[in-house]
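Heads up, the thing below is written out as structure tokens.
The values are calculated or read from the model by the stated rules, or taken from the named source; none is laboratory data. A quick note: this is a predicted structure, and the numbers were derived from the prediction, not measured. Because the Cβ atoms are built from the backbone with ideal geometry, glycine has one as well, and the counts that use them run over all protein chains shown. Note: accessible area is taken over every heavy atom of the protein model, side chains too, but ligands, DNA and RNA are not part of it. Shrake-Rupley method; radii C 1.70, N 1.55, O 1.52, S 1.80 Å.
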Amino acid sequence: MTDLLRARDLTARFDTEDGRVHAVESVSFTVEAGESFGLVGESGSGKSATALSIAGLLPAAGTITGGSLWFRTPELAATPGEHDVDGEFVDLTTLPANARRSLRGTEIAMVFQDPMSSFDPSATVGSQIAKAVEVQQRASARPRSTRSKTETYGLGSLIRDSLLPTRSFVSESSRERAIELLERVGIPDPARRAEQHPTEFSGGMLQRAMIAQAIAGKPRLLLADEPTTALDVTIQAQILSLLNEIQDDTGLSVVLITHDLGVVAHHSDRVGVMYAGELVERAPIDRLFDAPVHPYTQGLLSAVPDLDTTATPSPSLSGRMTGLHAHELPEGCYFADRCPQAMTDCRAHPEERPVAETDRHSARCVLTDRAFDPDRALEPGAAHEMERDHQ
Amino acid sequence: MTDQPLIRAAGLTKRFTDGVSVLDRLRGREGSSITAVDDCSLSIERGETVGLVGESGCGKSTTGQLLLGLQEPTAGSVAFDGQPIAAQSAAERRRFRQETAIVFQEPFSSLDPRMTVEEIICEPLVVNDIETESERHSRARDLLDRVELSAAMATRYPHELSGGQCQRVAIARALALEPSFIVLDEPVSALDVSVQAQILSLLDELQAELELTYLCITHDLSVVSSLCDRVAVMYLGELIEVGPLERVFDAPAHPYTSALLESVPRARANERDRSIDHLEGALPSPSDPPSGCRFHTRCPKLIPPADIDIDQSTYRAIFRLRSQIARGESVALDEFDCTGCSATVTQAIEAATEALNAGDRATALDRLDTTFESVCETTPPDEHTTPHHVSCHLHADAHCRDHNCE
């Protein structure tokens, strides 16, 4: 299979009043064309920051400070410019802002957690989707080479818009396409629904509409950030099966960000587990559930209550994640102070290494190449005395 | 101590009326009303944990508040330890308040940001004027210890705590008056999975040590499976299935319960191969609940009339068409695939198509209704007690006789 996205040592920082936050730390993974890659982790582990980095939507306080994001887009790769090119791949982090923007919606689209706050409450759902269609059509009508020089909204545009205030941005065909899209995502009576405002939609319907908007530009990569977290479980099942269906139809690649291991198990081909900004384990779905290597993954899996047995899940992960400010991060493994298998070796920060002979399964843990040795075990919490006092 | 259940709710109903001013009332106008809880009966024995599950807006939280007397029921009654709470004197109500407690979903917003952890935990003692200040101080340490927080936490403010720690403080506060009954309203929904497991096991330990009785309100079935002894499933304000955990989870009697259980994605390797037969549509509005069985609009096991022979998928397709016609939406009835249908079905569809093409929706609908109307649409199901409490026509004696169910 061909790759679509290769993240290499992606690193992102947030500047806050309390100092720099190491939100994403040297994260590497590959998303193949047509596959679904799951990113799981608990809140604050850096999943969303990773997705926002890929989409180029980091808030003002956040910056990508290192690494690269190779995205396969042959046309842009063939266009001369300042960006780094590797064959058919372009490094997104080197693209100028306007070129980055023109990829958004057309090549890379995003679906957010809370559908209610992602739509403009004052416009109809149909018109908002039609706008997405319109943007896509205008973008593809222009040749790629000029697209990087997207017109800026200057004095000329202001005068024109003031003199011709009724000039509609959205054409009739875009409106029709919006209705088609609503139908595509399973919204009954789409023509009537398109004229309604977001408040008239239920959460599940609105999430469908957001998916419609995301696929309007026929993107090749969909970043879905907790797309079902705000929904009831029966609606979640509907949305997940819709995503599956769209993926099968269009060959779209999906990066699914979620805290719910069940959702990943249901939807993804491969999974990356994040902890304290790092990708601590990466594996095909069956390997991750059947043979997890990183003690954090193991703890996370055992913490999930199993619906089919009635045992209370074991609270095997005690304590909480280290803070991500530069001064809070321990020198060694970030997980060592909570790790039941921490050894003296963990005082050095582990590298990401392949597990056994397979390069599709890797972990950032010393246990990838040696077994747990009780003689070298650290007392629980002894790894980072300093950090414990912090908590 | 008596041998009757600690909590017994009978025919509990709560109706919220909206948008009625005094003027409207004088004119005899009625506002729109929502029946959040409709004729629910539930008993909770001492020391057990009952899980109340359902989707958002089904009336779970309102039920919890009714049981604690935090809201007045429109009809029905709640008895605590055999005594109806509506008939309590002021002193009795005060004692009842001490005997019961609630832990809310949002750990941050349920703690006063301007109080220290110790002040928060001692607040119930202060309000009820129990113990001296120094006694309260030592009590707070005990409670912190009980919920596995260090004594150093006592002087912290809520914003300095993590979500899990906040929830522990909320639990400590609920325990302050040594209650016998605690309503846990989505106790772990806002927490990460590793913290969830910690809180669930804490709740489990506390129950064993202090002989607590819990009502655990949650939308998360996996929480129910790890904490509860019995399960009560709610749909649109009605309790549709109540039974022991193992029975309900292993052999759900109501189609809604099975759909709910099936919809939960399991965290294991072969999950992708499990096909989910997911429910159609969304929860109907509680202000205008469907007729008959409230679940019939989404039910995958609608009961066709006894005189027609039809498979479920065709029957559901016809049901969808009928609701579209009733709502005034455009339908393509002539494209309906009748292959393999019995003569009665084909005739009814043809007649309706003819009427619809002639522009007569009412006749078309009437023709379809006469042939296809399900008992689920017309009659609210009775509560059946086999295998456990379930409100569904599938468990009616007549249906079971015809279909040889167990």
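What is the range A:260-339 by shape, rounded, prolate or oblate, if you read a ≥ b ≥ c off the alpha carbon gyration tensor as root eigenvalues and call it rounded for a/c under 1.5, prolate for a/b larger than b/c, and oblate otherwise? Write down the numbers at each step before the final one.
Numbers: a/c = 2.36, a/b = 1.47, b/c = 1.60.
Oblate is the answer for the range A:260-339, as a/c is 1.5 or above yet b/c matches or exceeds a/b.
What GluC sites (Glu not before Pro) does the range B:155-249 have in DSSP loop regions with at most 13 other beta carbons within 10 Å?
B:Glu211
Would you mind listing how long the range B:1-138 runs along its three principal axes, going by Cα atoms, in whole Å with the largest first?
58, 42, 34 Å, listed from the longest principal axis down.
Which value does Rg/Rh take for the range B:312-373 over its C-alpha atoms, Rh per Kirkwood? Please list the in-between numbers first.
On the way: Rg = 10.4 Å, Rh = 11.4 Å.
When Rh is taken as the Kirkwood radius, the ratio is 0.91.
Please report the accessible area of B:Ile303 (heavy atoms, 1.4 Å probe, ligands and nucleic acids excluded) in Å², nearest 10.
20 Å²
Which residue fluctuates most in the GNM of chain A (Cα springs below 10 Å): A:Ala348, A:Ala276, A:Ala55?
So, out of A:Ala348, A:Ala276, A:Ala55, the one fluctuating most is A:Ala348.
Find the centroid of the Cα atoms in the range A:312-379 and in the range A:241-268, then give the distance between the two in whole Å.
29 Å
So for the pair B:Asn357, B:Arg274, with labels modelled 7 Å out along Cα→Cβ, what separation do we get in nm?
4.8 nm
Taking the Kirkwood radius as the inverse of the mean 1/r across Cα pairs, report the Rg/Rh of the range B:7-228.
On the way: Rg = 18.7 Å, Rh = 18.6 Å.
Ratio of gyration radius to Kirkwood radius: 1.00.
What residue among A:Ser253, A:Ala178, A:Gln238 has its Cα farthest toward the positive end of the dipole of chain A, where the charges are +1 on Lys, Arg and -1 on Asp, Glu, each on the Cβ?
Positive-end residue among those listed: A:Ala178.
Remind me, what semi-axes does chain A give for its equivalent ellipsoid, largest first in whole Å, using sqrt of 5 times each Cα gyration tensor eigenvalue?
40, 24, 19
Only four residue types carry charge here, +1 at the Cβ of Lys and Arg and -1 at the Cβ of Asp and Glu. Report the dipole size of the protein assembly as shown about the Cα centre in Debye, rounded to the nearest 20.
That gives the protein assembly as shown a dipole magnitude of about 2220 debye.
With charges only on Cβ, +1 for K and R and -1 for D and E, what is the dipole size of the range B:1-150 about its Cα centre, in debye, rounded to 20?
Roughly 600 debye for the range B:1-150.
Springs between alpha-carbon pairs under 10 angstrom, Gaussian network model over chain A: which of A:Asp84, A:Asp375, A:Asp286 fluctuates most?
It is A:Asp375.
If we count every other residue with Cβ under 11 angstrom of A:Ser45's Cβ, Lys/Arg +1 and Asp/Glu -1, where does the sum land? Spell out each step's value before the answer.
Values: positive: A:Lys47; negative: A:Glu25, A:Glu42, A:Glu278, B:Asp192.
Within the 11 Å Cβ shell, the charges total -3.
Any chance you could check the Cα centroid distance between the range A:80-110 and the range A:21-38 for me, in angstrom?
A separation of 17 Å, based on Cα centres.
Per-residue accessible area for A:Glu75 at 1.4 Å probe radius, Å² rounded to 10?
Estimated to the nearest 10 Å², A:Glu75 gives 100 Å².
Along each principal axis of its Cα atoms, how long is the protein assembly as shown end to end? Whole angstroms, biggest number first, please.
Between the extreme Cα coordinates on each principal axis of the protein assembly as shown lie 83, 74, 58 Å.
Could you sort B:49-56, B:375-382 so that the peptide with the highest average Cβ count within 10 Å comes first and the rest follow in order?
Packing order, densest peptide first, comes out as B:49-56, B:375-382.
To check you understand DSSP bridge types, tell me what percent of the beta bridges within the range B:7-228 (both residues inside) are antiparallel, rounded to 5. Walk me through the intermediate numbers first.
Values: 16 of 30 bridges.
If we restrict to bridges inside the range B:7-228, about 55 percent are antiparallel.
Would you be so kind as to identify which of B:Pro265, B:Ile325, B:Gln312 lies farthest towards the positive end of the dipole of the range B:190-327, taking Lys and Arg as +1 and Asp and Glu as -1 on Cβ and the Cα centre as origin?
B:Ile325
Beta carbons within 10 angstrom, averaged per residue: use that to sort the peptides B:143-152, B:94-103, highest first.
For the peptides B:143-152, B:94-103, the packing ranking is B:94-103, B:143-152.
Can you tell me which of A:Thr16, A:Thr322, A:Thr368 moves the most in a GNM of chain A? Springs connect C-alpha atoms under 10 Å apart.
A:Thr16
Put simply, what bits of the range B:202-219 lose 10 Å² or more of accessible area when the other protein chains are there, versus the chain on its own (1.4 Å probe)?
B:Asp204, B:His219
Which value in deg cm²/dmol, rounded to the nearest 500, describes the helix-derived mean residue ellipticity at 222 nm for chain B, given -39,500 (n - 2.57) per DSSP H run of n ≥ 4 and division by the residue count?
-11500 deg cm²/dmol
Show A:Lys218, B:Lys60, A:Lys131 ordered by accessible area, largest first, where the area counts protein heavy atoms only and the probe is 1.4 Å. All intermediate terms of the calculation are to be shown ahead of the outcome.
Details: A:Lys218 135, B:Lys60 15, A:Lys131 100 Å².
Ranking A:Lys218, B:Lys60, A:Lys131 by accessible area, largest first, yields A:Lys218, A:Lys131, B:Lys60.
Work out the mean other chain Cβ neighbour count within 10 Å for the residues of B:276-283 and drop it here as an integer.
Average per residue, whole number: 6.
Quick one: net charge of B:Gln71's neighbours, Cβ under 15 Å, K/R +1, D/E -1?
Details: positive: B:Lys14, B:Arg15, B:Lys60, B:Arg93, B:Arg97; negative: B:Asp38, B:Glu72, B:Asp185.
Surrounding charge for B:Gln71 is +2.
Under a Cβ-Cβ cut-off of 15 Å, what is the net charge of the residues other than B:Glu335 that fall near it, where Lys and Arg count +1 and Asp and Glu count -1? Intermediate results must be reported in sequence, preceding the final value.
Values: positive: B:Arg320; negative: B:Glu329, B:Asp334, B:Asp337, B:Glu350, B:Glu354.
Around B:Glu335, the charge tally is -4.
Whole angstrom only: what separates the Cα centroid of the range A:200-229 from the Cα centroid of the range B:293-365?
Each part's Cα centre sits 32 Å from the other's.
Express the relative contact order of chain A as a whole percentage, based on alpha carbon pairs under 8 Å and six or more residues apart in sequence.
It rounds to 19 percent for chain A.
In the protein assembly as shown, with Lys and Arg counted as +1 and Asp and Glu as -1 at Cβ, which of these residues, B:Val169, B:Ser225, A:Thr63, has the Cα nearest the positive end of the dipole, that is, farthest along it?
After comparing all options, I get A:Thr63.
Can you give the accessible area buried between chains A and B, summed over both chains, with a 1.4 Å probe, in Å² to the nearest 100?
Numbers: alone 18530 and 20610 Å², together 35440 Å².
Summing both sides, the interface buries roughly 3700 Å².
If you count, for every residue in A:317-326, the Cβ atoms of partner chains within 10 Å of its Cβ, what is the mean?
Averaged over the peptide's residues, the number is 3.
Only Cα pairs under 8 Å and at least 6 apart count here; give the relative contact order of the range B:312-373 as a rounded whole percent.
Relative contact order for the range B:312-373 comes out at 31 percent.
When Cβ neighbours within 10 Å are restricted to other protein chains, what is their mean count per residue of peptide B:222-228?
Details: counts 7, 3, 3, 9, 9, 3, 1.
Taking all residues of B:222-228 together, the mean is 5.
Counting only DSSP beta bridges with both residues in chain B, what percent are antiparallel, rounded to the nearest 5?
Taking every DSSP beta bridge with both residues in chain B, the antiparallel ones total about 60 percent.
When all protein chains stay in place, what accessible area (Å², nearest 10, 1.4 Å probe) is found for B:Glu131?
Approximately 60 Å² for this residue.
Return a whole-number percent for the relative contact order of the range B:7-228, with Cα pairs under 8 Å and 6 or more residues apart as the contact set.
26 percent
Which shape class, rounded, prolate or oblate, goes with chain B when its Cα gyration tensor gives a ≥ b ≥ c as root eigenvalues, a/c under 1.5 marks rounded, and past that a/b bigger than b/c marks prolate?
Values: a/c = 2.35, a/b = 2.01, b/c = 1.17.
Judged from the Cα gyration tensor, chain B comes out prolate (a/c at least 1.5, a/b above b/c).
Check the straight Cα-Cα distances from A:Lys218 and name the lysines below 19 Å, setting aside those fewer than 8 residues away within the same chain.
A:Lys218 reaches A:Lys131.
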